[in-house]
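Here, each number is a calculation from the coordinates, and none is a lab measurement. Here the structure is a predicted model, which means the values were calculated and not measured. Neighbour counts are summed over all protein chains in view; Cβ atoms, including those assigned to glycine, are modelled from backbone coordinates with ideal geometry.
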Amino acid sequence: MGTPEFAVESLRALVENNYNVVAVVTMPDKPVGRHHDTLQASPVKQYAVEQGIPVLQPERLKDEAFLDQLRSYKADIQVVVAFRMLPEVVWAMPPRGTFNLHAALLPQYRGAAPINWAIINGETRTGVTTFFLDHDIDTGRIIHRESCEISDVDTVETVYERLMRMGAKLVMRTLDDVESDCVQPIPQDELVEGELHSAPKIFKDTCRIDWSSHTVKSAYDFIRGLSPYPGAWTVLRDAKGKEQVLKVFNSLIPDSQRLRVTPTSKVNTPLAIPVTLSDGILYLTDIQLAGKKRMSAADFLRGFNMENVELV
């Protein structure tokens, strides 16, 4: 059960390693286009159709027709990767249960956006976890965890790719161990270390950069924790009060990133857009003005006069 590209990697691993995938459950096709008159299949559906795997797309997970169809496949176990919360009637259906792949080291970062929040919070490690589903989201008994580093230049894009591949391998390992009856699931309460961080869904307002609340490091982490999607953003305001939205995809901290500018650089530096924060200067290097294409700050500054412009 899954929808986005992250889930396709696990499905592909199961198919290519000859696991018996009897059916796939994914979201209904999504209306797209200017008039929402075209339906687009999810990445999981597209791959399943290519492989000749039956696809179920329920509007409601408690719908009796869907439940009857799901039961008819007599699955031994269900695997969930990047899907919505399941009702008990679904996750309790197969004899060996239902397990989920989560892109964090549970019990840390329960929620919809674990990769984003781990980077935003400046974590240096993350990983993937498989756990059996129960009544509350992301709280079930843990089967396996595998960790990896988050470097100080990683973005959501790079960590996503890394965890997607790690997760596919962990799904296969988990299936093998469950089939062999050699798993000893651990309650998450036994693995709590320090303060628990959550990973709530990210909305547009979440992505606005509040410069007044950030240090150089926290602003740097915030930007890369939302890059490339959905993208951190700020507002350019000129002397006349006109405002334009500016997305920021990358930034640099001079001391650690070897940017050849000095703390006294003016706003019209040809290399980057400097932002003065409480403890230093952060340089914006990869941006996109509303209605324009994404570009380097150097290219942007060659065609945009930053005199008397502020970021708010």
Placing +1 on each Lys and Arg Cβ and -1 on each Asp and Glu Cβ in the chain, then taking the dipole about the Cα centre, the residue among Met85, Ile287, Met1 whose Cα reaches farthest towards the positive end is Ile287
Treating the angle as unsigned and between 0 and 90°, give the value, to the nearest 10°, between the Cα long axis of helix 156-179 and the longest Cα principal axis of the chain. 20 degrees
Which whole-angstrom value gives the distance between the alpha carbon centres of the range 284-312 and the range 16-95? 43 Å
Set the bar at 31 Å for Cα to Cα. Now go through Lys45/Lys217; Lys240/Lys292; Lys45/Lys74 and name every pair that lies beyond it. Lys45/Lys217
For the pair Met172 and Ser296, the simple spin-label estimate (label points 7 Å beyond Cα toward Cβ) gives in nm 4.0 nm
Of Pro31, Pro95, Pro58, which has the largest mean-square fluctuation in a 10 Å C-alpha GNM of the chain? Pro31
Can you tell me how the range 5-191 classifies by the Cα gyration tensor, rounded, prolate or oblate, using a/c under 1.5 as the rounded cut? oblate
